[in-house]
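Asker: What follows is a structure written as structure tokens; I'll ask about it next.
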Amino acid sequence: LQKNILLAAGYESEIANDGVEALECLHRDGWDLVVADVDMPRMTGFELTERMRADERLRDIPVIIVTSRDTVDDRRRGFEAGADAYVLKREFDQTQLLDTVRRLVGRAARHDVNV
């Protein structure tokens, strides 16, 4: 769903099957933004975000966590891991996602957007 929303808005978009594959793609392709689910196989979205923040080449790439986890502890963990935004699936809104992407990619000051 998110990929289709981003494509329709004019962004390039790729899907990684899990956090490990996402890290490999980030090193290989240099994405401008990551939208990560918390519950992924092999590496959670929290772990992916932490690994990105610890990597000098990846630490400035914005991360949006999209999840069904709605506890205060989960939200805190997401931001402590380094997420730039935390979006709940049950409150998911296409306009909100696109506004957040525009805000974060604009902050990254990149011209070729690969989400």
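Every read-out reported here was derived from the displayed coordinates using simple, explicitly stated rules and does not represent laboratory data. Fair warning: this is a prediction, and the values are worked out from it, not measured in the lab. Quick reminder, even Gly has a Cβ in these numbers, built from the backbone with ideal geometry, and neighbours come from all protein chains shown.
Asker: Counting other C-beta atoms within 10 Å, and keeping those with at most 14, which DSSP coil chymotrypsin sites (Phe, Trp or Tyr not before Pro) do you find in the range 1-98? If you can, show how the numbers build up before the last one.
Answerer: Numbers: sites: Tyr11, Trp31, Phe46, Phe79, Tyr86, Phe92; in loops: Tyr11, Trp31, Phe92.
Listed in order of number, the matching sites are Phe92.
Asker: 222 nm [θ] for the chain, helices only, -39500 (n - 2.57) per DSSP H run of 4+, per residue, to 500?
Answerer: -14000 deg cm²/dmol
Asker: Now, a different point. Specify which labelled value, from (i) 35, 31, 25; (ii) 68, 25, 21; (iii) 39, 29, 17, agrees with Cα extents along the principal axes in Å derived from the coordinates of the model shown.
Answerer: (i)
Asker: At most 13 other Cβ atoms within 10 Å and a DSSP loop assignment: could you name the GluC sites (Glu not before Pro) in the range 11-48 that fit?
Answerer: Listed in order of number, the matching sites are Glu14.
Asker: Work through the residues other than Pro41 whose Cβ is under 11 Å from its Cβ and net out their charges, Lys, Arg +1 and Asp, Glu -1.
Answerer: Working: positive: Arg42; negative: Asp18, Glu21, Asp37, Asp39.
Every neighbour counted, the sum reads -3.
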